[in-house]
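Have a look at the structure below before the remarks.
The values are calculated or read from the model by the stated rules, or taken from the named source; none is laboratory data. Here the structure is a predicted model, which is why all the values come from computation and not from measurement. Don't worry about glycine lacking a Cβ; one is built from the backbone with ideal geometry, like all the others, and counts go over all protein chains shown. Quick note on the areas: whole protein, heavy atoms, side chains included, nothing else; ligands and nucleic acids left out. Shrake-Rupley method; radii C 1.70, N 1.55, O 1.52, S 1.80 Å.
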Amino acid sequence: MKQYRPTYFIGQAFAGLWRNGVMSFASIAVLMSCLVVLGSFSLLVANINVNLEDLGLMNEIVVFVKKEASESEIKSIEREIKGIPYVGEVTRITADEALEQMKEQAGEDGYLYDMMQDDNPLLDSFILEYVDGAHYSDIMYNLGQIDGIDTIRDQRSLANTMQSLKNGIMLIFSWFLVVLFIVSVFVIINTIKLSVYSRKSEISIMRYVGATGAFIALPFVIEGALIGLTSSMLAFLVEYFLYGYIQKSMENVIEIVRIIPMSEVSVVVFFGFAAVGILTGIVGSTISLSKYTRN
Amino acid sequence: MIDFTNVVKTYPNGTVALNGVNLHIDDGEFVFVVGASGAGKTTMMKLLLREEKATSGTITVDDTDLSKLSYFKVPYYRRKLGVVFQDFRLFPKKTAYENVAFAMQAVGTPSKKIKRRVPALLNTVSLGEKANSFPHEMSGGEQQRVALARALANNPKIIIADEPTGNIDPKMSLEIMNLLLKINKLGKTVLVVTHEKDLVDYFQQRVIMIDGGQVSDDRVGGMLE
């Protein structure tokens, strides 16, 4: 029965890493940066998605009435809005109520709004809820037909803005990532090539005594995988602290935006990094070996 | 058994290294392959080791047609051959024992068998006491004997020695040749590529002369002038 010692392959892989220390370090640094960019980008997209979902839950449209509209005109607009099919509850917020709300939100600085009291620039508005998102455009069309409406604002336009922002980010980062991964693979290819080169005579002896390609290649593939594994572990640490820092600083600044806590995603990030890192290492080493392990 | 039938080898740059070689070597034979530099000896060895493929013609070794040998079967074919080089090609950081053992590890031999066989191999080449010496602590002749022990490690049917005495002094050369003869007596087919006329004349074995990519002489005895 054939017997191969796993310790031999792993030992050789570590020896290879050590022998070409500078190149190994470079490979790890490049791949790690690549993974951190990948992780940050994925987390950003995940956060945008979560917030988009939150926005989707708020099926609300705000209709602002023109400033010059009289009370009876406003009443008639309210009736018309309530008459639109699929519109649920309609709540009126007068300009004075709106100003009051703003004062409350401003807290200590609320007194600043006092000067507006006499000449309130705000508009009367209706908040209408709709039951089924499928009828959204019908409702918008019907609202557009009503006279005396100044502007219609809804979360959907914000959602659309975020969606296009997300698409833009995804496009830019995708290209960035592709370039970074190509660079990583090339650096790993060169590292493993050096490692193979320094063991050239050893490889030629192995071939003459009839060692199989797999036996010759395995230490180098493990070396590539080790580069990937080390990079992914370091990238995880960097990501963990970077994300934690950003999360903390964002919490105090923007309250409406929900940020996914790292604890919720750390397992996915960890295994994602490990998988991508190790795979990149193995692909890189396999490419660089093809020339040397041929008969 | 080794058979070359109308073997032609042309390299991509147009050099015709072998131009219709025909020869037959029986199991258990001892053969010198001689010829000037560039005559085609090295190409013959490369073809035998399946480092290169013949452009045309067939080479059969122990019932294996080398032109039909698939990529994956090449390592297993090579286990039938034991190779010795002019420059020994030992691992400098491994002892004599480890150098021989490595050849067995590389083909997945169980360690129990390795522990049993390596000392016996080193004794065969009279280096039992040097098992723990590193190559730099040994003479050229001793290093070549370690290389021979390694070539024998996986119990090959054929031993190919490419200028085995090229890097060692004449006295040691005789010893190495005697060792190769001893191995031949153990039933191995031995091919020795050399250009050392004195040795060839001294041992009076079959001599295949290669010239201009062809077999120019094939006889038992010394070398032609």
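One table, with the values for the structure above:
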read-out: Among beta bridges that DSSP assigns inside region B:2-220, antiparallel share in %, nearest 5; value: 55
read-out: Farthest positive-ward along the protein assembly as shown dipole, Cα basis, beta-carbon charges - from B:GLN86, A:SER290, A:PRO219; value: B:GLN86
read-out: Antiparallel content of DSSP bridges confined to the protein assembly as shown, in %, to 5; value: 65
read-out: Gyration tensor (alpha-carbon) shape descriptor, region B:154-225, a/c threshold 1.5; value: oblate
read-out: Prolate/oblate/rounded call for the protein assembly as shown, Cα gyration tensor, a/c under 1.5 rounded; value: prolate
read-out: With every protein chain in place, region B:2-220: carbon and sulfur % of accessible area (1.4 Å); value: 50
read-out: Label-point separation, A:TYR8 to B:LEU23 (7 Å along Cα→Cβ), nm; value: 3.3
read-out: Extension gain, A:LEU52 back to A:ALA275 (0.36 nm per residue minus Cα-Cα distance, nm); value: 77.5 nm
read-out: Cβ neighbours within 10 Å from other chains - mean over A:198-209; value: 6
read-out: Restricting region B:28-99 to GluC sites (Glu not before Pro) in coil, as DSSP defines it, with at most 16 other Cβ within 10 Å; value: B:GLU51
read-out: Folded to 0 to 90 degrees: helix B:111-124 orientation relative to chain B principal axis, Cα; value: 80
read-out: Accessible surface, 1.4 Å probe, highest first, among residues A:LYS193, A:LYS103; value: A:LYS193, A:LYS103
read-out: Estimated vicinal HN-Hα couplings, Hz - region A:81-89 in sequence order (Karplus 6.51, -1.76, 1.60; Gly, Pro = x); value: 4, 5, x, 6, x, 6, 7, x, 6
read-out: Loop sites in region A:41-123: chymotrypsin sites (Phe, Trp or Tyr not before Pro), DSSP, at most 16 other Cβ within 10 Å; value: A:TYR86
read-out: In Hz, Karplus ³J(HN,Hα) per residue of region A:261-275 (6.51, -1.76, 1.60; θ = phi - 60°; x = Gly, Pro); value: x, 4, 4, 6, 10, 4, 5, 4, 4, 4, 6, x, 4, 4, 5
read-out: Gyration tensor (Cα) of region B:2-220, equivalent ellipsoid semi-axes in angstrom; value: 29, 21, 15
read-out: Gain on full stretching of the segment that runs from A:LYS200 to A:PHE186 - 0.36 nm per residue minus C-alpha separation; value: 3.0 nm
read-out: Modelled FRET efficiency - R0 22 Å, A:MET162 with A:SER266, Cβ distances, 0.05 increments; value: 0.35
read-out: Chain A - Kirkwood radius from inverse mean 1/r over Cα pairs (Å); value: 24.3
read-out: Nearest-ten-degree value, helix A:6-19 long axis tilted from longest Cα axis of chain A; value: 80
read-out: Amide H within-cut-off set for B:LEU18, under 5 Å, with H built and near neighbours excluded; value: B:LYS9
read-out: Net lengthening on full extension, B:LEU186/B:PHE134 (0.36 nm per residue, minus Cα-Cα); value: 15.9 nm
read-out: Region B:1-121: C-alpha gyration tensor shape, a/c 1.5 cut-off, then a/b vs b/c; value: prolate
read-out: Shielding by partners, peptide B:39-51 (average Cβ within 10 angstrom, other chains); value: 1
read-out: Among A:ILE260, A:ILE84, A:ILE227: highest mean-square fluctuation, GNM of chain A, C-alpha pairs under 10 Å; value: A:ILE84
read-out: Cross-link partners of A:LYS66 among lysines (Cα-Cα below 23 Å; sequence separation of 8 or more within a chain); value: A:LYS75, A:LYS82, A:LYS103
read-out: Gaussian network model of chain A, springs between alpha carbon atoms under 10 Å - residue of A:GLY224, A:GLY83, A:GLY281 with greatest fluctuation; value: A:GLY83
read-out: Within 10 Å of each Cβ in B:103-110, the average number of Cβ atoms from other chains; value: 6
read-out: B:ARG89 long-range amide H proximity, modeled H, under 5 Å; value: none
read-out: Region B:2-220 - accessible surface per residue (Å², probe 1.4 Å); value: 44
read-out: Estimated inter-spin distance, B:LYS68 and B:VAL16, nm [label 7 Å along Cα→Cβ]; value: 2.8
read-out: Over chain A, relative contact order from alpha-carbon pairs under 8 Å, at least 6 apart, %; value: 31
read-out: Interface area, B with A, accessible, probe 1.4 Å, both sides summed, Å² nearest 100; value: 2100
read-out: 3J(HN,Hα) from dihedral phi, region A:147-160, Karplus parametrisation 6.51/-1.76/1.60, rounded to Hz, x for glycine, proline; value: 6, x, 8, 7, 9, 10, 10, 9, 6, 5, 5, 5, 4, 5
read-out: Degrees separating the helix B:96-105 axis from the principal Cα axis of chain B, which is the longest one; value: 60
read-out: Chain B: relative contact order in percent, alpha carbon pairs under 8 Å with at least 6 residues between; value: 28
read-out: Unit charges on C-beta of K, R, D, E only; dipole of region B:2-220, Debye; value: 1120
read-out: Candidates B:LEU186, B:LEU18, B:LEU47, ranked by Gaussian network fluctuation over chain B, Cα under 10 Å, top entry; value: B:LEU186
read-out: Only Lys, Arg (+1) and Asp, Glu (-1) charged, at Cβ; the protein assembly as shown dipole about Cα centre in debye; value: 5080
read-out: Under 5 Å, built H, 5+ apart or other chain: amide partners of A:ILE259; value: none
